[in-house]
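*Asks:* Questions regarding the structure given below will be posed in turn.
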Amino acid sequence: MSRVTKAVIPAAGLGTRFLPATKAQPKEMLPLVDKPAIQYVVEEAVRAGIDDILIISGRGKRSLEDHFDRNVELEHFLAERGKDEALAEVRSIAELAEIHFVRQGEPLGLGHAVSIARKHVGDNPFVVMLGDDIMDERSTVLTDMIRVHDERDAAVIAVSEVSSDEISNYGSIDPEIISDQLVRLRGIVEKPSANDAPSNLAAMGRYVFTPEIFDALDRVSPGVGGEIQLTDGIALLLADHDVFGWVFSHGRFDIGNKQDYLRATVELAIEREDLGPEFRAFLIDLVDKRLR
């Protein structure tokens, strides 16, 4: 059995790319079909065997806590009206895992957000999952990463190939190829220009860390954007510890991007047994009309 049972989900960002929708609600609560985005992330963690989740929130994020808490009034309302299926679903949200919350007092970067988890995580390995990244429920990326960690007792980050035009939006790794899906990091650079990027393999929003990452983050100085960058912490970790990259190519939606948010909504909807057939027919008819 894996020793990785804890996850950290940074969710303190302001979501400015989705204004005005995020003016009065957290971006993590934006719905994808009929569930908020962060619920998909929590469910992915649970599927991978995680049962202890720490969400790093911020000002104006109280609805995150409310969503994963019991709502006795709502449950009573549903029970009285015989809405048993809805009642079971609402109750199940609060039972997904043991979920804790802590605030990031200042928006000092992803690395700073992760460092806040030190007391909760202790000396245990743990997963970091970015709330902007939603994975298809059939994806085994996180499970595969945890397996690699268990086999090699080292940190593992998810990486994917991107175009030269996109690499400046990510952390770019310098890979030593081990197999088609596994690489060892020789270096990592936050948001390099296309000319300076060591490769077109970019760090995506899933990480498995050993607790040594906290010591590395303590030594990080503010970097790109004046923030404590998680990428810089990984670069320091590499000086004394192996870090591996798990390469994948499908199943990820960057819902911080409007195009990907729309794509995720459509793809998740057409996979649903209750919505898919009718929605697929609607899309086919819509495209047919637009092409006439």
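The values are calculated or read from the model by the stated rules, or taken from the named source; none is laboratory data. Please read all numbers here as calculations on a predicted model, not as lab measurements. Every residue, glycine among them, receives a Cβ derived from its backbone with ideal geometry; neighbour counts consider all protein chains shown.
*Asks:* Scan Val162, Val183, Val156 and give me the residue that is at pLDDT 95 or above and within 20 Å of the chain's Cα centre (by Cα).
*Replies:* Values: Val162 fails: at pLDDT 95 or above; Val183 fails: within 20 Å of the chain's Cα centre (by Cα).
Selected residue: Val156, the only one of Val162, Val183, Val156 that is at pLDDT 95 or above and within 20 Å of the chain's Cα centre (by Cα).
*Asks:* Tell me, yes or no, whether region 118-130 has at least one residue that is over 20 Å from Ile38 (Cα atoms) and either part of a strand (DSSP E or B) or among the polar types (S, T, N, Q) (or both).
*Replies:* yes
*Asks:* If you go through region 61-96, how many residues are under 25 Å from Pro26 (Cβ atoms) and part of a loop (DSSP other than H, G, I, E, B)?
*Replies:* Number of matching residues: 8.
*Asks:* Right, something else. Of all residues being touching a helix residue (DSSP H, G or I) at 6+ places or on another chain (Cβ under 6 Å) and not aliphatic (A, V, I, L, M) in region 222-235, which is nearest to Ala21 (Cα to Cα)? Just the residue, please. Don't jump to the end; show me each part of the working.
*Replies:* First, the residues of region 222-235 that are touching a helix residue (DSSP H, G or I) at 6+ places or on another chain (Cβ under 6 Å): 223, 228-230, 233.
Keeping just the survivors that are not aliphatic (A, V, I, L, M) gives 223, 229, 233.
Numbers: Gly223: 29, Gln229: 27, Gly233: 33 Å.
Taking the candidates together, the pick is Gln229.
*Asks:* Still on this model: What's the total number of residues in region 18-50 that are under 16 Å from the mean Cα position of the chain (by Cα), assigned to a loop (DSSP other than H, G, I, E, B) and surrounded by fewer than 17 Cβ atoms within 10 Å (Cβ to Cβ)? Outline the logic, then answer.
*Replies:* Taking region 18-50 first, the residues under 16 Å from the mean Cα position of the chain (by Cα) are 26-32, 35-50.
Now narrow it down to the ones that are assigned to a loop (DSSP other than H, G, I, E, B): 26, 30, 48-50.
Narrowing the set further to residues that are surrounded by fewer than 17 Cβ atoms within 10 Å (Cβ to Cβ) leaves 49.
Number of matching residues: 1.
*Asks:* Within region 228-247, identify whether any single residue is assigned by TED's automatic domain parsing to the domain that holds Met129, of a type in the set (Val, Ile, Thr) and more than 23 Å from Asp123 (Cα to Cα), and answer yes or no. If you could, list the steps in order and put the result at the bottom.
*Replies:* Initial filter on region 228-247 (assigned by TED's automatic domain parsing to the domain that holds Met129): 228-247.
Subsequent filtering for residues that are of a type in the set (Val, Ile, Thr) retains 228, 231, 234, 243, 247.
In the following step, the residues that additionally are more than 23 Å from Asp123 (Cα to Cα) were identified as 247.
Yes, because at least one residue in region 228-247 is assigned by TED's automatic domain parsing to the domain that holds Met129, of a type in the set (Val, Ile, Thr) and more than 23 Å from Asp123 (Cα to Cα).
*Asks:* Can you find a residue in region 158-169 that is buried (at least 23 other Cβ atoms within 10 Å of the Cβ) and under 25 Å from Ile50 (Cα atoms)?
*Replies:* Looking through region 158-169, at least one residue is buried (at least 23 other Cβ atoms within 10 Å of the Cβ) and under 25 Å from Ile50 (Cα atoms).
*Asks:* I've got another one for you. Would you confirm whether or not region 60-76 contains a residue that is under 14 Å from the mean Cα position of the chain (by Cα) and closer than 25 Å to Phe209 by Cα?
*Replies:* Step one: list which residues in region 60-76 are under 14 Å from the mean Cα position of the chain (by Cα), which gives none.
No - not one qualifying residue is present in region 60-76.
*Asks:* Would you list the helices (runs of 4 or more DSSP H) that sit entirely within region 197-292 and hold 2 or more residues that are of a type outside the set (Val, Ile, Thr) and closer than 21 Å to Glu28 by Cβ? Please lay out each step first, then the result.
*Replies:* Numbers: elements: 212-218, 230-237, 258-270, 276-291.
So the answer is 258-270.
*Asks:* Would you please name the residue that is modelled with the lowest pLDDT, looking only at residues in region 236-247 that are in contact with a helix residue (DSSP H, G or I) (Cβ under 8 Å, 6 or more places away or on another chain) and surrounded by fewer than 21 Cβ atoms within 10 Å (Cβ to Cβ)? Full working, then the answer.
*Replies:* Going residue by residue through region 236-247, those that are in contact with a helix residue (DSSP H, G or I) (Cβ under 8 Å, 6 or more places away or on another chain) are 236-237, 240-244, 246.
Applying the additional criterion that residues be surrounded by fewer than 21 Cβ atoms within 10 Å (Cβ to Cβ) yields 236, 240-242.
On the way: Leu236: 95, Asp240: 91, His241: 95, Asp242: 95.
Checked region 236-247; the qualifying residue modelled with the lowest pLDDT is Asp240.
*Asks:* If you don't mind, another one. Which members of region 2-13 meet the condition of being in contact with a Gly (Cβ under 8 Å, 6 or more places away or on another chain) and among the hydrophobic types (A, V, I, L, M, F, W, C)? I'd like the intermediate steps shown before the answer.
*Replies:* First pass over region 2-13, keeping only residues in contact with a Gly (Cβ under 8 Å, 6 or more places away or on another chain): 2, 4-5, 9-13.
Val4, Ile9, Ala11, Ala12, listed by residue number.
*Asks:* Within region 143-176, can you find the residues that are in contact with a helix residue (DSSP H, G or I) (Cβ under 6 Å, 6 or more places away or on another chain) and of a type outside the set (Gly, Ala, Ser)? Before you say what the answer is, go through the steps one by one.
*Replies:* So in region 143-176, the residues in contact with a helix residue (DSSP H, G or I) (Cβ under 6 Å, 6 or more places away or on another chain) come out as 156, 158, 171.
Answer for region 143-176, where residues must be in contact with a helix residue (DSSP H, G or I) (Cβ under 6 Å, 6 or more places away or on another chain) and of a type outside the set (Gly, Ala, Ser): just Val156.
*Asks:* Let me ask something else about it. Can you tell me which condition Ile134 does not meet? The list is (1) assigned to a helix (DSSP H, G or I); (2) closer than 20 Å to Arg206 by Cβ; (3) not polar (S, T, N, Q), and all the others hold.
*Replies:* Evaluating Ile134 over (1) assigned to a helix (DSSP H, G or I); (2) closer than 20 Å to Arg206 by Cβ; (3) not polar (S, T, N, Q) leaves (1) as the failure.
*Asks:* Residue pairs, Cβ under 6 Å, 6 or more apart or interchain, first in region 99-114 and closer than 22 Å to Asp66 by Cβ, second modelled with pLDDT of 90 or more and in a helix (DSSP H, G or I). List them.
*Replies:* Qualifying pairs under 6 Å: Phe101/Glu65; Gln104/Ala113.
*Asks:* While we're looking at this one, here's another question. Which members of region 137-196 meet the condition of being in a helix (DSSP H, G or I), under 22 Å from Val127 (Cβ atoms) and in contact (Cβ under 8 Å) with a residue 12 or more places away in the chain?
*Replies:* First pass over region 137-196, keeping only residues in a helix (DSSP H, G or I): 141-152, 167-169.
From what is left, the residues that are under 22 Å from Val127 (Cβ atoms) are 141-152.
Result: Val141, Leu142, Thr143, Asp144, Met145, Ile146, Arg147, Val148, His149, Asp150, Arg152.
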